[in-house]
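Written out below as structure tokens is the structure these notes cover.
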Amino acid sequence: MRAAICAAILFVTAPALANDTAAVLTTGGLEFVSHGEIAMESEDLYISSDEIRVTYVFRNDGDEDIDLLVAFPMPDIVPDHFSPVAFPTGPSDNLFEFETTFNGTPVDATLHEYAYAAGVDRTDFLRGLDLPLVPISSEALNAVDELDDDMIRQLLHMDLAIPDEFDAGAGWETHHWPNWTYRATYTWEATFPAGERVTVEHRYKPSVGGTVGVSFLSEPYEDYDPASAYRQKYCTDDTFINAVRKTLTDPDEPWSAPFSETWISYILTTGGNWAGNGIEKFRLVIDKGSEKNLVSFCGEGVKKIGPTTFEMVKENYWPQQELEILILQRHGDQ
């Protein structure tokens, strides 16, 4: 499972302006719009499995100051209770440990939270049951599992819960876990002075997916070819594949490579929403974490700039696809 990480700030015209670009806060969330006078002059992006850091420089090309409600949507949290997904572990009121500054001044952002199941907003329903909205929290896990049978049946019908049957040594038992998607957006008011630049900085903890072993060396099965899928998604070339094959402890067992997979997704295409439809200067740095780790992603002109870091720099960049990163983390001392 993977969770998408949003790459660009979205602007919502402030409700006080009361025109056709006014923000509407509905049960489905904030309606985001870009602003034709605001250009993204640069984006400096750092991605690792431990932290996302991004610095934007925006420029108001208009003749008047612009007051905006700035919105930053966080990656969805889609619970997967049966796969090794590393979810953020911050407090429930700031799960991603999100921090932001506007021209160097810390911003006290407002958190908007929603819960979805089967594409339907179930936020009010869950709040009516006094259930925590963060589905991966221990509070939510315990609260759902303690509901009575009638309510569990209703949650199952609404795709808000998932059953788990297992034998822990005392006979078969059934538990139920939260199954809704958690969606969060931070917003704050900001003024973009006419003809001037402003700097917006964020940092937060990513949500990453992965496997306990290497899966893309396996033979094709049914209609799925792991090697082809990874080549298309992560640009795993022959050099990368051969480097992994050399580490196999059993040449006949593709899972014997001493790595686990980490997946990070980052949405880049929203960078085309600004005036000029692009990012005037874009810099990406990806940190694989350890010199023993391997990394693969699709990019042009990528340079190694440190023992664990790789850089890509573009001008007048109009992203056409999202960024998908594969990090192979070496096991222990192997």
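The values are calculated or read from the model by the stated rules, or taken from the named source; none is laboratory data. Note that the structure is a prediction, hence the values are computed from the model and not measured. Here the Cβ is made from the backbone with ideal geometry for all residues, glycine too, and neighbour counts use every protein chain on show.
Reported count of residues in segment 212-247, each being farther than 22 Å from Gly289 by Cβ and of a type in the set (A, V, I, L, M), is 2. For the condition without any contact (Cβ under 8 Å) to a residue 12 or more places away in the chain, among the small types (Gly, Ala, Ser), farther than 30 Å from Leu126 by Cα and assigned to a loop (DSSP other than H, G, I, E, B), Ala170 qualifies.
Among the conditions (1) in contact with an Asp or Glu (Cβ under 7 Å, 6 or more places away or on another chain); (2) within 27 Å of Ile267 (Cα to Cα); (3) loosely packed, with under 15 Cβ neighbours inside 10 Å; (4) among the aliphatic types (A, V, I, L, M), the only one that Ala194 does not satisfy is (2). Applying the criterion of being of a type in the set (Lys, Arg) and surrounded by 15 or more Cβ atoms within 10 Å (Cβ to Cβ) to the residues of segment 199-246, the residue that is farthest from the chain's Cα centre (by Cα) is Arg231.
Can we say His175 is in a strand (DSSP E or B) and farther than 30 Å from Thr105 by Cα? For His175, the condition - in a strand (DSSP E or B) and farther than 30 Å from Thr105 by Cα - is met. Within segment 178-209, the residues that satisfy the criterion of being out of contact with any Ser or Thr (no Cβ under 8 Å at 6 or more places or on another chain) and outside any strand (DSSP E or B) are Asn179, Trp180, Pro193, Ala194, Gly195, Glu196, Ser207.
Can you pull out the residues in segment 34-47 that are in a loop (DSSP other than H, G, I, E, B) and either within 21 Å of the chain's Cα centre (by Cα) or at pLDDT 90 or above (or both)? The one that is in a loop (DSSP other than H, G, I, E, B) and either within 21 Å of the chain's Cα centre (by Cα) or at pLDDT 90 or above (or both): Ser34. Report whether or not Asp121 is farther than 19 Å from Phe72 by Cβ and touching a residue at least 60 places away in the same chain (Cβ under 8 Å). Yes: the conditions hold for Asp121.
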